[in-house]
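As structure tokens, the structure follows; a few thoughts come after it.
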Amino acid sequence: MILSRFVRLPVFILCLSMIAAGVFAQAPASKYEPKVGQEGKDVKWVPISSALAEKMLDMAKVTQQDYVIDLGSGDGRTVIAAAKRGARALGIEYNPDLVALSKRNAAGQGVADKAQFVQGDLFESDFSQATVITLFLGEEINLRLRPRILVLKPGTRVMSNHFTMGNWAADETITLGKSDECDYYCTAYLWIVPAKVEGTWRFPQGELRLEQSFQVISGIFKSGGSTFPVMNGKLSGDLIHFRVGKAHYSGRVSGHTMQGTFESGRSTTEWSAIRVDKVLQAPSKTPIL
Ligand SMILES: C[S@@+](CC[C@H](N)C(=O)[O-])C[C@H]1O[C@@H](n2cnc3c(N)ncnc32)[C@H](O)[C@@H]1O
């Protein structure tokens, strides 16, 4: 049907004003309300209880210096809570409606500058700069992410709501109850990415051979023709603790070196070691046991 020029012009103007008024938009964005249990790409949306989100940020000791990334950030509540503590925070969420909602929520709560959100697949996202990672996903997904998490900077804190990391035992676990205003999914796990220390280390007094299973270390110390087991070995980020005989070692790992102090009886002595590839015959002069 051909409209006359006199009819076409008003119709055109009407269409322009309808577009301007948003009449053709599918639904006003501000009306989007996610439904608990709605499908997500790999996991449904179930929001973390605000009490547990705060507890996770407490356990991770989040400060203004941190960069917190929530993988699968839902309506943005954990990211916003982190931003309110002064941290820089990023939510990575697959559902674009949830991303838009999160941005509105952050703006409404005055933290749009610190709380940012991007639409994307968490498996394809770069979270290598995070100092704190928060997860509420599922054990199978945690296990898929685990290799990428274990190569993050030692000391990076990883929090998961409810779901574990398989045989990587948590460094800390806290469960809230109803009296803490948490009704469901109330257990938070904390892991601290450990430094990599497996291998052989040369001390002035001998040689330390370490095996490592996540944050747990074991091994032997060879000194002066004798061999001693490494006991109670533990890493917390780049902090290392172990016992050889009656000497309690504590120190800090930095790449291929580590140093600290050991206590034996009433004396405290400094120690340092460097990583070596091959077995070295180090002389034993200073007693350390
Ligand atoms: C259980 S909810 C947790 C939401 C939020 N982290 C919280 O604690 O309130 C999981 C979220 O992950 C999102 N999601 C699922 N698969 C995803 C993927 N592959 N990439 C990014 N987000 C995903 C879902 O849309 C949902 O919002």
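Each value in this text was obtained by applying a stated rule to the coordinates, not by laboratory testing. These figures come from a predicted structure and were not determined experimentally. Note: ideal-geometry Cβ built from the backbone for every residue, glycine included; neighbour counts use all protein chains shown.
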Within a Cβ distance under 10 Å of A273, other residues only, what is the Lys/Arg minus Asp/Glu net charge?
+1
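Which net charge results for the neighbourhood of R85, defined as the other residues with beta-carbon distances under 11 angstrom from its beta-carbon, given Lys and Arg at +1 and Asp and Glu at -1?
Working: positive: K61, K84, R88, K114; negative: E54, D58, D66.
For residues surrounding R85, the net value is +1.
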Length-normalised contact order of the range 117-218 in % [C-alpha pairs under 8 Å, at least 6 apart]
22
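Report the calculated FRET efficiency for S254 and E33 (r = Cβ-Cβ distance, R0 = 45 Å), to the nearest 0.05. Present the calculation step by step, with values, prior to reporting the outcome.
Values: r = 50 Å, r/R0 = 1.10.
After rounding to 0.05, the efficiency reads 0.35.
With a 10 Å Cβ neighbour count serving as the proxy for reagent exposure, in which order, fewest first, do L239, L90, L208 appear? Kindly include the intermediate steps, with their values, before the conclusion.
Details: L239 18, L90 22, L208 28.
The most exposed by this proxy come first: L239, L90, L208.
Multiply the residue gap between T268 and E211 by 0.36 nm, knock off their C-alpha separation, and tell me the result in nm, one decimal place. Let's see the in-between values first.
Values: separation 57, 0.36 × 57 = 20.52 nm, distance 2.57 nm.
Between T268 and E211, full extension yields an extra 18.0 nm.
Fewest to most neighbouring Cβ within 10 Å: what's the order for L57, L137? Before the final figure, lay out each step's value.
Numbers: L57 25, L137 20.
Lowest to highest Cβ neighbour count: L137, L57.
How charged is the neighbourhood of V68? Take every other residue with its Cβ under 13 Å from the Cβ of V68, and add Lys/Arg as +1 and Asp/Glu as -1. Don't jump to the answer; show the numbers that get you there.
Numbers: positive: K61, R77, K84, R85, R88, K114, R157; negative: E54, D58, D66, D70.
Net charge around V68: +3.
What number, in percent, do you get for the relative contact order of the range 186-280 if the mean sequence gap of Cα pairs under 8 Å and at least 6 apart is divided by its residue count? If you can, show how the numbers build up before the last one.
On the way: 207 pairs, mean separation 21.8, N = 95.
Normalised by residue count, the contact order of the range 186-280 is 23 percent.
Over all directions, the average projected area of the alpha-carbon convex hull for the range 190-248 comes to how many nm²? Could the numbers behind the result be given before it?
Numbers: hull surface 16.0 nm².
Computing the convex hull of the Cα atoms and averaging its projections yields 4.0 nm².
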What whole-number distance in Å separates the alpha-carbon centres of the range 151-167 and the range 40-110?
17
Mean separation of Cα contacts under 8 Å, 6 or more apart, over the residue count of the chain: relative contact order %:
12
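If you rank I141, I133, I69 by fewest surrounding Cβ atoms within 10 Å, what's the result? It would help to have the intermediate numbers written out before the result.
Details: I141 18, I133 23, I69 27.
In increasing order of surrounding Cβ atoms, one gets I141, I133, I69.
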